[in-house]
Amino acid sequence: MKTAGNLVVLGSINADHILNLESFPRPGETVTGNQYQVAFGGKGANQAVAAGRSGANIAFIACTGDDDTGERVRKQLASDNIDVEPVTVVAGESTGVALIFVNGEGENVIGIHAGANAALSTDLVAEQQQRIAQADALLMQLESPLESVQAAAEIAHRNNTTVVLNPAPARALSDDLLALVDIITPNETEAEKLTGVRVTNDDEAARAAQVLHDKGIGTVIITLGSRGVWASQQGNGQRVPGFKVQAIDTIAAGDTFNGALMTALLEGEALPEALRFAHAAAAIAVTRKGAQPSVPWRKEIDDFLRQQG
């Protein structure tokens, strides 16, 4: 096993209620699902689990409610090789919830209630200042309060901790925040929200990446679904294809990619090799149902890559 640097993930924790059905309901329509499950999710927790299972040295800054779900989530995260000491239990609040429909093509639509995630305040971030400052990288998403994401990025930037942002769900962000980011990993929708450039092909991906470079971000990785990613460092970009698999559920595929990517980068892999490792992890995840239940362990990723040659 390679030795990785220290990763801190700041983000959300949800209990995912997942209903599989043939097609999404139209307004006013009731459809019957064919499978229902409750699984742990939240973009922050998914990425933390992906990093922990793939071998990262990781601590997770997050919040749960003081309910049974929160207790079970914390135990599960600890079993996934994650330091949960920075996870705060919020009195009188419920753990976050996501309601997810998955259609017959493996696509999903999601509604979220933040619950305890909304309590991840700048004060809680300040309490973790030393942990962020001593980390090699900080990975964040946008299901936490934006002011807390900004505060954590500022701490990391001051202390030469690499700031990695997966800007999901899509929303506009200030240039002040983006200037603190070293690596950004939007999908096509998120890239358009941040740059105004619609991303439907490689040329458009290159243009969107350049807009983000111009805002001060050195490494831009735009995820393109089944087409792989557009990876650009300081304006030198190329599309890196993923692996072809039969997808049954794309929940947490992007989160798995992000967590595995950070593990490989912190192990000292160059970006092309890190992308290949992350693609393999995501490819395995989309062949399974659910968020965290779909995230592979390191041995599974290594075995997959050996099979690919």
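The values are calculated or read from the model by the stated rules, or taken from the named source; none is laboratory data. No experiment lies behind these values; they were computed from the predicted model shown. Glycine also receives a Cβ, built like all others from the backbone with ideal geometry; neighbour counts cover every protein chain displayed. Side chains included, ligands, DNA and RNA excluded: accessible areas come from the protein's heavy atoms. Shrake-Rupley method; radii C 1.70, N 1.55, O 1.52, S 1.80 Å.
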May I ask which residue of A62, A291, A133 lies farthest towards the positive end of the charge dipole of the chain, with charges of +1 (Lys, Arg) and -1 (Asp, Glu) on Cβ and the Cα centre as origin?
-> A291
Keeping the other protein chains in place, figure out the carbon and sulfur percent of the accessible area of the chain, with a 1.4 Å probe.
-> 47 percent
Roughly speaking, what is the centre-to-centre gap between region 208-279 and region 81-122 when only Cα atoms are used, to the nearest Å?
-> 24 Å
Over the Cα atoms of the chain, what Rg and Dmax result, in angstrom?
-> 18.1, 53
Using the heavy atoms of the protein chains and a 1.4 angstrom probe, tell me the accessible area per residue for region 170-309 in square angstrom.
-> 43 Å²
Taking Cα pairs closer than 8 Å and at least 6 residues apart, the relative contact order of region 193-307 in percent is 18 percent
Regarding region 165-276, what whole-number volume in Å³ per residue does the convex hull of its Cα atoms give?
-> 97 Å³
Environment charge at R171 (Cβ cut-off 10 Å; Lys +1, Arg +1, Asp -1, Glu -1) | 0
Within a Cβ distance under 12 Å of T162, other residues only, what is the Lys/Arg minus Asp/Glu net charge?
-> -2
Relative contact order (%) - criterion: Cα under 8 Å, at least six apart; region: the chain | 19 percent
Mind checking Rg over Rh on region 19-60, alpha carbons, Kirkwood formula for Rh?
-> 1.24
Separation of the Q134 and D302 label points, Cα + 7 Å toward Cβ, nm | 2.8 nm
Taking 7 Å along the Cα-to-C-beta vector as the label spot, tell me the L19-D202 distance in nanometres, rounded to one decimal.
-> 4.2 nm
Out of A282, A209, A170, a Gaussian network model of the chain with alpha-carbon springs under 10 Å gives the largest mean-square fluctuation to A170
Among the DSSP beta bridges whose two residues both lie in region 33-158, what percent are antiparallel, rounded to the nearest 5?
-> 50 percent
Antiparallel %, DSSP beta bridges [both residues in the chain], to 5 = 45 percent
Return one whole number: the accessible area per residue of region 48-128 in Å², for a 1.4 Å probe.
-> 41 Å²
Mind checking the full-extension length gain between L99 and D176? Use 0.36 nm per residue of separation minus the Cα-Cα distance, one decimal, nm.
-> 24.5 nm
Excluding residues on the same chain fewer than 8 positions from K43, give the lysines whose Cα lies under 22 Å from its Cα.
-> K75, K193, K289
Near I184, within a Cβ-to-Cβ distance under 10 Å, what is the net charge of the other residues, with Lys and Arg +1 and Asp and Glu -1?
-> -1
Under 5 Å between amide H atoms, partner at least 5 residues away or on a different chain: which partners does V229 have, H built in plane at 1.01 Å?
-> L224, V240, G242
